[in-house]
Every structure is written in structure tokens, then in C-alpha cells.
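Trainee: Structure below; questions to follow.
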Amino acid sequence: ITDNIDMFNELEDLKKNLKNIIYKRTKDRRNQQNMPIEQRDEILTINTELNETLKEVNRKNKLITENIRIAELTQKAVLPEEKTVYSLFPDHYILFKPKEILSGDFYWGKKIKTDDSDEVSVFSLADCTGHGVPGALMSIIGNNLLNNAVLNKKISKPSEILNHMQNEFHTKMYKDDEEGAIKDGMDI
């Protein structure tokens, strides 16, 4: 009888182990069957997130482009009017084709009276470091420096205008810490 009981218990243990093995294998098989569905759902989720990110990038790109277009109008507004340039140089043409929407290049011109009451034409062409937004900002600074030198300080000699501009540029751009200051400038 004890042999039968032992055998019965052993059979029961084997039966439990077999049930566990069958359960695990069935579960693994179901997981394998569900895996493509789970992967598809994960791919759909990722795709939805990517589409939302793309929409956000497109929205920001549109906003940035609109702001750059407005900056382009601002940059063009500081260029001399065509009639001013014609009054300085009747036989001329200007080819102004920025590499990007905004430009690091600019031209500037004025007729001024000197201290001797002579009327002289002052004209400059400038190529600022950089393209796009950095170049455009540098061109606005250059335009302002020229206006200050010629119109406010009444400087008419080219070398003196350039020296004044260089000093003012250095003062504005290298305020406290020359280590952290930008190293941009312009050829003019």
C-alpha cells in the first residue's frame, strides 16, 4: 500500500509539473501570437507621436520663417532708397542677392556737408561675418555705426569713419569679457 501511495503521490507531482509546463508553453505561445498585435500597437503609438512631433516642427518652422521674413523687411528698410543711390551715382546698378533670406551684406550711402560746407558723397559696401540671422544683425550694427560716424559725428574722411566704426564696434561687442565676446566683424 505504501508503494501505491508513494507512486500515487509521485504521479500527482508529475501531473502538477506537466500542468505547469503545459500552462507555461501555452502562455508563451499566446504571447508569441499576441506579439505582432502588440508590436503593431507600439508602432502605431510611435507613428502617432512622430506625426505630432512633425506637426510641432512644421508649426515652429512656419513661425520662424515668418519672423525671418519680417526681419528681411527690416533689413531692407535700412538700405538706402534707390533715389538716394541714384543721386550719388547716376550710372550704377545694385545686385543684392542674399545667400539666405537675410544677408550679412549691405550697402550704405549719403550726401553730407563737410565742415568746409562742401557737399560730398559717402558710399560703402560691407560684407559682414556670417549669413542669415547673425550676418543680418551684424549688418544692422554696421549700418548704425556708419550713421553714427557720418551723420552724428560728422566724419567724412573714409579712414576716420572706419577707425571710428572699429572703436565703436569693439566697445559695443567686447564690453566686459573679451573671452566670451563674439569674434565677428565686417569687411567694408
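The values are calculated or read from the model by the stated rules, or taken from the named source; none is laboratory data. Remember, it's a predicted structure, so these values are computed and weren't measured experimentally. Glycine also receives a Cβ, built like all others from the backbone with ideal geometry; neighbour counts cover every protein chain displayed. What goes into the accessible areas is simple: the full protein's heavy atoms, side chains included, and nothing from ligands, DNA or RNA. Shrake-Rupley method; radii C 1.70, N 1.55, O 1.52, S 1.80 Å.
Trainee: Regarding Y93, is this residue open to solvent by 70 Å² or more (accessible area, probe 1.4 Å), more than 27 Å from G185 (Cα to Cα) and either touching a His at 6+ places or on another chain (Cβ under 9 Å) or among the aromatic types (F, W, Y) (or both)? Steps first, please.
Mentor: On the way: open to solvent by 70 Å² or more (accessible area, probe 1.4 Å): yes; more than 27 Å from G185 (Cα to Cα): no; either touching a His at 6+ places or on another chain (Cβ under 9 Å) or among the aromatic types (F, W, Y) (or both): yes.
For Y93, the condition - open to solvent by 70 Å² or more (accessible area, probe 1.4 Å), more than 27 Å from G185 (Cα to Cα) and either touching a His at 6+ places or on another chain (Cβ under 9 Å) or among the aromatic types (F, W, Y) (or both) - is not met.
Trainee: Out of the stretch 70-105, which residues are within 21 Å of N144 (Cα to Cα) and among the basic types (K, R)?
Mentor: If the condition is that a residue be within 21 Å of N144 (Cα to Cα) and among the basic types (K, R), then K76, K83 are the ones that fit.
Trainee: A further question on this structure: Got a number for residues in the stretch 117-169 being among the small types (G, A, S) and touching a Phe, Trp or Tyr at 6+ places or on another chain (Cβ under 7 Å)? Can you show your working first?
Mentor: First pass over the stretch 117-169, keeping only residues among the small types (G, A, S): 117, 121, 124, 126, 130, 132, 135-136, 139, 142, 149, 156, 159.
Adding the requirement that they be touching a Phe, Trp or Tyr at 6+ places or on another chain (Cβ under 7 Å) leaves 124, 126, 139, 142.
Total satisfying the criteria: 4.
This table checks each residue for (1) acidic (D, E); (2) under 30 Å from S103 (Cβ atoms).
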position	(1), (2)
N31	no, no
R40	no, no
L44	no, no
E52	yes, no
E56	yes, yes
N61	no, yes
N67	no, yes
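Trainee: Report whether or not K172 is open to solvent by 70 Å² or more (accessible area, probe 1.4 Å), in a helix (DSSP H, G or I) and modelled with pLDDT under 85.
Mentor: Values: open to solvent by 70 Å² or more (accessible area, probe 1.4 Å): yes; in a helix (DSSP H, G or I): yes; modelled with pLDDT under 85: yes.
Considered against the rule, which asks whether it is open to solvent by 70 Å² or more (accessible area, probe 1.4 Å), in a helix (DSSP H, G or I) and modelled with pLDDT under 85, K172 comes out as yes.
Trainee: Return the residue satisfying two criteria in turn: it lies in the stretch 117-138 and is of a type in the set (S, T, N, Q) and at pLDDT below 90, and of such residues it is farthest from M186 (Cα to Cα). Give the steps one after another, and end with the answer.
Mentor: If we filter the stretch 117-138 for residues that are of a type in the set (S, T, N, Q), which is where we start, we get 117, 121, 124, 129.
Now drop any that are not at pLDDT below 90, which leaves 117, 121, 129.
Numbers: S117: 31, S121: 21, T129: 6 Å.
So the residue we want is S117.
Residues checked against (1) open to solvent by less than 50 Å² (accessible area, probe 1.4 Å); (2) closer than 19 Å to L162 by Cα:
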residue: L54; (1), (2): no, no
residue: I64; (1), (2): no, no
residue: T84; (1), (2): yes, no
residue: F89; (1), (2): no, no
residue: K110; (1), (2): no, yes
residue: T114; (1), (2): yes, yes
residue: G130; (1), (2): yes, no
residue: N143; (1), (2): yes, yes
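Trainee: Could you identify the single residue in A126, A77 that is among the small types (G, A, S), under 22 Å from F169 (Cβ atoms) and either touching a His at 6+ places or on another chain (Cβ under 9 Å) or surrounded by 15 or more Cβ atoms within 10 Å (Cβ to Cβ) (or both)? If you could, list the steps in order and put the result at the bottom.
Mentor: Working: A77 fails: either touching a His at 6+ places or on another chain (Cβ under 9 Å) or surrounded by 15 or more Cβ atoms within 10 Å (Cβ to Cβ) (or both).
Matching residue, one of A126, A77: A126.
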